[in-house]
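J.: Quick one: the structure is below, questions incoming.
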Amino acid sequence: MKQEELNQQFAIIGSGSFATALAKILNGNGVRLNWCVRNQNIIDQIKKHGHNPSYLRSATFNTSLLTLTTNLTETIEQSDYLILAIPSAYTEEVLDKLPKDIFEGKQIISAIKGIMPNRNILLNDYLKNDFGFDPKDYYTIMGPCHAEEVASEKLSYLTFTGLDQTTTQWIADQFRNHYINTVINDDVYGVQFAAILKNIYALGSGIAHGLEYGDNFLSVLIANAADEMAGFLRKVGIRNMEVGVHKEPIPGVQLMKTSLRKSANYAASVYMGDLLVTCYSLYSRNRTFGNMIGKGFSVKAAQLEMNMVAEGYNASKCFYLINKELGADMPIATAIYKILWEDVQPAEAFEQLEQVLI
């Protein structure tokens, strides 16, 4: 990375829990940040009290390093690295209003763990199709990394992906500190699909809990979900990711920057790790949403009760439609879709699942 890259300006677009967690990390690392927040009241509260009043109130900020605004166009124009951290359901609505050349010369870092619901495509494909955005300038930030644990500075791992290894590593370095370990890889499609699928499976985990299945069944469900995820990823063309098999070590990719580190496979943190924490953790909004469904809440009632976006809800329909073309074997994801979108009773769907899990 060239010396002048050190002066590049970061921006975060979004003010939810993950956006706030990422802002805390960069702010704590001394990185100057343009932060685009939708609500002026939130901006006023951050300036006055040094924390987001709506999410992660325990995360405090050095406001002298923050430029807070509601003006999205201004934020983009004044920044070089744009972190998009808004729910996928609203992404097109926000970005469609922008000029088609606004992202020229920018690097986009996606923290969106969802799919564009109106088109059933990933963010990078949407940006390429609608803005002519170059895939080599696209990166992602994925977990496993619950925002609540970032706020309390519990050790967490972030995986950064991009086609340019040098730039990906430099971006990751801006986030590394005593409670954030960083990993990089180049599987841009795989990590995004995995991040979306784990939300669907976490809904299933929550439904199972709401139906009062025990830990024994839950372990079987998640193990089968991991296999189902791997099968889908292979179907879309992700290769060389067999568990227990590693490609040649990649220098600089992992924590110690040594060639002795292993390359990623389906058991790596961004795939299996993120799946496990999202299915098991009480912080998981998708698990919480699913738990309500299992206990008899309607979808609308669960949404009103949570007052937060569970990405797996829309994703379950998107993946069902995508898989109608691909034909991957996905009985768990299909069952969750039918519960949420076709009014199949959770108990009935899970009784059928019991017979196919291995």
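J.: Taking 25 °C and 0.890 mPa s as the conditions, I'd like the Stokes-Einstein D for the range 87-128 in µm²/s, using the Kirkwood hydrodynamic radius from alpha carbon pairs.
T.: 224
J.: Next question, about the same structure. For the chain, what is the convex hull volume of the alpha-carbon atoms per residue, in Å³?
T.: 136
J.: Mind listing the long-range amide H neighbours of VAL344? Cut-off is under 5 Å, sequence gap 5 or more, other chains count too, H placed in the peptide plane at 1.01 Å from N.
T.: Residues meeting the amide H criterion: ILE339.
J.: Suppose R0 equals 41 Å; then what is the FRET efficiency for GLN355 and GLU148 from their Cβ-Cβ distance, rounded to the nearest 0.05?
T.: Approximately 0.65, to the nearest 0.05.
J.: Around THR278, what is the net charge, scoring Lys/Arg as +1 and Asp/Glu as -1 over all other residues with Cβ under 15 Å from its Cβ?
T.: -1
J.: Sequence-distant or interchain residues sharing an amide H contact under 5 Å with SER156, placed H: which?
T.: Residues meeting the amide H criterion: ILE180, ASN181.
J.: Let me ask something else about it. Averaged per residue, what accessible surface does the chain expose to a 1.4 Å probe, in Å²?
T.: That works out to 45 Å² per residue.
J.: Taking the C-alpha atoms of the range 98-172, how large are the radius of gyration and the largest Cα-Cα span, Dmax, in Å?
T.: Rg, Dmax (Cα atoms, Å): 14.2, 40.
J.: Any chance you could list the semi-axes, whole Å, largest first, of the equivalent ellipsoid that the Cα gyration tensor gives for the range 151-194, using √(5λ)?
T.: 20, 13, 6
J.: Restricting to lysine pairs 8 or more places apart or on different chains, what number in the range 1-119 have Cα atoms under 29 Å apart?
T.: Pairs that pass both the separation and distance tests number 14.
J.: Express in nm, to one decimal, how much length is gained between LEU282 and LYS300 on full extension, taking 0.36 nm for each residue of separation and deducting their alpha carbon distance.
T.: 4.4 nm
J.: Of all trypsin sites (Lys or Arg not before Pro) in the range 11-104, which ones are in loop regions per DSSP and have a Cβ with at most 11 other Cβ atoms within 10 Å?
T.: LYS97, LYS100
J.: Same structure, new question: Could you name the aspartates and glutamates whose alpha carbon sits less than 15 Å from that of LYS128, not counting residues in the same chain fewer than 8 places away?
T.: Partners found: GLU92, ASP96, ASP101, GLU104, ASP137.
J.: Estimate the FRET efficiency between GLU74 and HIS49 by the formula 1/(1 + (r/R0)^6), using the beta-carbon distance for r and 25 Å for R0, to the nearest 0.05.
T.: With R0 = 25 Å, the Cβ-Cβ based efficiency is 0.55.
J.: Using C-alpha positions alone, give me the convex hull volume of the range 101-222 per residue in cubic angstrom.
T.: 136
J.: Further question on the same structure: Kirkwood hydrodynamic radius of the range 293-358 from all distinct Cα pairs, in Å?
T.: 12.8
J.: While we're looking at this one, here's another question. List every residue whose amide H lies under 5 Å from the amide H of LEU68, counting only residues 5 or more places away in sequence or on a different chain, with H placed 1.01 Å from N in the peptide plane.
T.: TRP35
J.: Which listed residue (ALA230, SER54, ILE86) has the Cα farthest towards the positive end of the charge dipole for the chain, taking +1 on Lys and Arg C-beta and -1 on Asp and Glu C-beta about the Cα centre?
T.: Result: SER54, furthest along the dipole toward the positive end.
J.: Here's another thing I want to ask about it. Across the range 1-61, how large is the tail of the calculated P(r) beyond 17 Å, expressed as a percent of all Cα pairs?
T.: Of all Cα-Cα distances in the range 1-61, 37 percent exceed 17 Å.
J.: Follow-up. Please give, to one decimal in nm, the separation of the simple spin-label points placed at SER58 and ASN41, each 7 Å out from Cα toward the Cβ.
T.: Reported label-point gap for SER58 and ASN41 is 2.5 nm.
J.: Could I ask something else about it? Are there any trypsin sites (Lys or Arg not before Pro) in the range 209-239 that are in a DSSP loop and have at most 16 other Cβ atoms within 10 Å? List them by number.
T.: Counting only loop positions with at most 16 other Cβ atoms within 10 Å, the trypsin sites (Lys or Arg not before Pro) in the range 209-239 are ARG239.
J.: Which whole-Hz ³J(HN,Hα) couplings does the range 214-220 yield from phi under the Karplus relation 6.51 cos²θ - 1.76 cosθ + 1.60, θ = phi - 60°, glycine and proline marked x?
T.: x, 5, 4, 5, 4, 5, 5
J.: Let me ask you something else. So, in nm, how far is label GLU93 from label GLN9 when the simple model puts each one 7 Å beyond its Cα toward the Cβ?
T.: Result: 2.8 nm between the two label points.
J.: Shifting gears a bit: State the three equivalent ellipsoid semi-axes of the range 1-131, derived from the C-alpha gyration tensor as the square roots of 5 times its eigenvalues, in descending order and whole Å.
T.: The answer is 24, 18, 13 Å, longest axis first.
J.: Moving to a separate point now. Using label points projected 7 Å from each Cα along Cα→Cβ, tell me how many nm separate ASN129 and GLU342, to one decimal.
T.: So the two model labels end up 2.5 nm from each other.
The values are calculated or read from the model by the stated rules, or taken from the named source; none is laboratory data. Note that this is a predicted model, so its numbers are computed, not measured. In this analysis, Cβ positions are derived from the backbone assuming ideal geometry, glycine residues included, and neighbour counts consider all displayed protein chains. Just so you know, the surface numbers come from the protein's heavy atoms only, side chains and all, with ligands and any DNA or RNA stripped out. Shrake-Rupley method; radii C 1.70, N 1.55, O 1.52, S 1.80 Å.
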